[in-house]
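Notes to accompany the following structure.
Values in this text are rule-based calculations from the coordinates and carry no lab data. Worth saying up front: this structure is predicted, and the values here are computed from it rather than measured. We place every Cβ from the backbone using ideal geometry, glycine too, and count neighbours over all the protein chains shown.
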Amino acid sequence: MNTHALGMCSMLGAALCFSATSTLIRLAPTIDPFKTTLFRFAIGMALLGTAAMCRRIRLEFASSSLLFSRGFIGGLAVFIFFWSINAIGLGKGTLLSYSYPVFAAVWGAVLLGERVSFRAWVLIALAFCGFVLTSVGRGDALGGLGLNECIALAGSMLSGLAVVIVRKLRATESSYSIFFSQCVIGFWLTIIPANLTPVAIGIDGGFILLAIGITAAIGQLLMTYSYKALPVSQGSIIVLVTPVTNILIGMTVFGESIAPVTGLGMLLILVACTLIGLQK
């Protein structure tokens, strides 16, 4: 298998791991998102720290301020994503959270001065139409603005900003250092609120939390590897396997229903994100 094919398989594996992570969160709605986020970061930090001690990877940090910003913003985005899965459903929550390529294009233009073509702006406008339909859809008609959906979109905006910061960091930092910094900052962000609300997790809940952390870490590492062999455009398209898979799982396993108006909005978002990802 050549390098490109291996990169494609790794990215597909990452997308499926992220789908497994979000499905596990949906299986444990009684465990608050602070705890699931804490375990996600703690296990990722443990795996990378162990690999560094065994000299399998090197962790070096040059841009401390940018690394902190990426960790803080990315940590908040992960928490909102985990929260949205139980708040608005597995399918819709994942799709809104995975619309970050739209916001990454906007942040790149604003903060990095990246050129955005007219076609890209049209696609961004199409995605925002999808956001509106997804957020206000109630039954077969339009209803009031969905607060939970707006919070999920705020998390997606933070994810897009984190992606732009990663672009800056890649000039001086390795992917492992960037991921490790997110785990460290995210761990400190959630360790106190995760212990404020007592919850009887039990053995089953403990295994679910462990599986959440492991699948998320494996997915992140597979994604890190795949971007060495794939252009970002191809990678961002394959990652959309996660929301598509989760929409199907949400409907078949958890009985989540999608109203026609909401379904149209979700379709517009998927199309816009796919076409934005295909652009060079």
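Percent of Cα pairs in the chain per distance bin of 10 Å, from zero to the largest separation: 7, 29, 37, 22, 5, 0. Multiplying each eigenvalue of the alpha-carbon gyration tensor of the range 1-160 by 5 and taking the square root yields semi-axes of 29, 22, 17 Å, largest first, rounded to whole angstroms. With Cα atoms as the point set, the range 235-279 shows a radius of gyration and Dmax of 11.6, 35 Å. Relative to the globular-protein estimate of 2.2 N^0.38 Å, the Cα radius of gyration of the range 1-95 stands at 1.29.
Within the listed set LEU90, LEU126, LEU112, the Gaussian network model of the chain (springs between alpha-carbon atoms below 10 Å) gives the highest mean-square fluctuation for LEU112. For the range 133-222, the Cα-based Rg and Dmax, in that order, read 17.9, 50 Å. Taking the Cα of LEU210, stepping 7 Å toward and past its beta carbon, and measuring to each backbone N in the range 42-77: which are under 19 Å? Residues 42-51 fall inside that zone.
Note on SER257 and ILE191: the model spin-label points, each 7 Å out from Cα along the C-beta direction, lie 4.6 nm apart. When the Cα positions of ILE247, ALA109, ILE218 are compared along the charge dipole of the chain, ALA109 comes out farthest toward the positive end, with charges on each C-beta of Lys, Arg, Asp and Glu.
Going from the residue with the fewest nearby Cβ atoms within 10 Å to the one with the most, ILE85, ILE151, ILE238 rank ILE151, ILE238, ILE85.
Under the simplified labelling scheme, the ILE203-VAL271 pair shows an inter-label distance of 5.1 nm, with each label point 7 Å from Cα along Cα→Cβ. Sorted fewest first by neighbouring Cβ atoms within 10 angstrom, CYS183, CYS9, CYS54 come out as CYS54, CYS9, CYS183. Grab the other residues whose beta carbon is less than 12 angstrom from that of LEU161, score K and R as +1, D and E as -1, and report the net. Net charge around LEU161: +3. Neighbour counting of Cβ atoms within 10 Å sorts the residues LEU189, LEU111, fewest neighbours leading, into LEU111, LEU189. Size check on the range 61-118: the Cα extents along the three principal axes, sorted descending, read 37, 35, 13 Å.
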